[in-house]
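Student: Attaching a single structure in structure tokens format; questions to follow.
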Amino acid sequence: MDIEIIEMTEKKISFVLKDSTPAMANALRRTLLTDIPKMAIDKVEFHLGPIMVDGREYESITPLFDEIIAHRLGMVPIPTDLQLFSPQNECSCGGEGCPSCTIMYSLNKIGPCTVLSGDLIPLGSPDYKVKDEFIPIVELADGQAVLIYTIATMGTAKTHVKWQAANGAGYKYAANISIDKDRCKHCMKCLSECPKGVFSGDAKMSKVTRPRECTLCLSCERFCEPKAISVTQDDKNFIFKFETDGSMSAETVLKKAMSLLNDRAKAFGKMVENL
């Protein structure tokens, strides 16, 4: 099994999984969606009672229930360094909370304003500042205010979707496309009928120039009158793509997924040996 990167940015990636099987491709997809650990806000404490700012008293109230605000805060992508943090139940602190397993934030805003994710202030290293700063949390009217303290911990999407690092993970079979030059009459229907622009050429020759864009719709086969085009799915090569919520880079998420699959395969192999 090998991986060829097609395109990669900080949050998005597309690649070819080569010399693999449908079972392994689906295992990678499921691992990306549910098993990648990341930090997310898990505990939220709201200040109750009046809030004094510059001699003025503000009411600690918002148009939304506290539970809704807490849920929105939980969905905010928290910067995650897998080398620095560990799950609380595996931490040396015994799960009580320490800089190795938790990140604390404060949020202190007075109205009128829109409270945004960027208003979360890390109580510690500024490296943990939320990168996506414009996620709306709640609207405050004049005289309203919020004072919130939160704790982010590590988890996986098996427990809650707020710990899901990868989104839109999916794959398709690569396509094997061939043109029989002896049968091709250069009708150019493959160019006009293909919805993805897989083919190019002129009245003298048709070429397959973008095979990775093929969706196996078989329009080219149906409209090619001399039946000179053959399209089959390649069940050993798969074209993947996914994006992250911004808590980690797409490269980090992919490497972690491959590492998890490798560790599980080794563990399964040892179990088989011990039978």
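Student: Please go through region 82-137 and pick out each residue that is part of a strand (DSSP E or B) and β-branched (V, I, T). Spell out how you get there, then give the answer.
Tutor: As a first pass, look at region 82-137 and keep what is part of a strand (DSSP E or B): 102-110, 113-116, 121-122, 136-137.
Within region 82-137, T102, I103, I110, T114, V115, I121, I137 meet the criteria.
Student: Next question, about the same structure. Would you list the strands (runs of 3 or more DSSP E) that sit entirely within region 174-275 and hold 3 or more residues that are closer than 30 Å to L33 by Cβ? Step through it out loud before you land on a result.
Tutor: Details: elements: 199-201, 206-208, 229-244.
By residue number, 229-244.
Student: Before we move on, is I41 part of a strand (DSSP E or B) and either within 23 Å of the chain's Cα centre (by Cα) or crowded, with 19+ Cβ neighbours inside 10 Å (or both)? Reasoning before the result, please.
Tutor: Details: part of a strand (DSSP E or B): yes; either within 23 Å of the chain's Cα centre (by Cα) or crowded, with 19+ Cβ neighbours inside 10 Å (or both): yes.
When the stated conditions are applied, I41 passes them.
Student: Moving on. Identify, please: which residue in region 103-133 is touching a helix residue (DSSP H, G or I) at 6+ places or on another chain (Cβ under 7 Å) and touching a residue at least 40 places away in the same chain (Cβ under 8 Å) and is, among those, farthest from I148 (Cα to Cα)? Before you say what the answer is, go through the steps one by one.
Tutor: Let us first name the residues in region 103-133 that are touching a helix residue (DSSP H, G or I) at 6+ places or on another chain (Cβ under 7 Å), namely 103, 107, 109, 122, 130, 132-133.
Next, only the ones that are touching a residue at least 40 places away in the same chain (Cβ under 8 Å) stay: 103, 107, 130, 132.
Numbers: I103: 14, L107: 5, V130: 16, D132: 19 Å.
Here the residue is D132.
Student: Just one of K12, K38 is at pLDDT 95 or above and closer than 20 Å to Y128 by Cβ; which is it?
Tutor: Numbers: K12 fails: closer than 20 Å to Y128 by Cβ.
Result of the check over K12, K38: K38.
Student: Going by what's in this entry, would A157 be described as in contact (Cβ under 8 Å) with a residue 24 or more places away in the chain, assigned to a loop (DSSP other than H, G, I, E, B) and buried (at least 18 other Cβ atoms within 10 Å of the Cβ)? Spell out how you get there, then give the answer.
Tutor: Working: in contact (Cβ under 8 Å) with a residue 24 or more places away in the chain: yes; assigned to a loop (DSSP other than H, G, I, E, B): yes; buried (at least 18 other Cβ atoms within 10 Å of the Cβ): yes.
In short, yes.
The values are calculated or read from the model by the stated rules, or taken from the named source; none is laboratory data. None of these values were measured; they are calculated from a predicted model. Backbone-built Cβ (ideal geometry, glycine too); neighbour counts: all protein chains shown.
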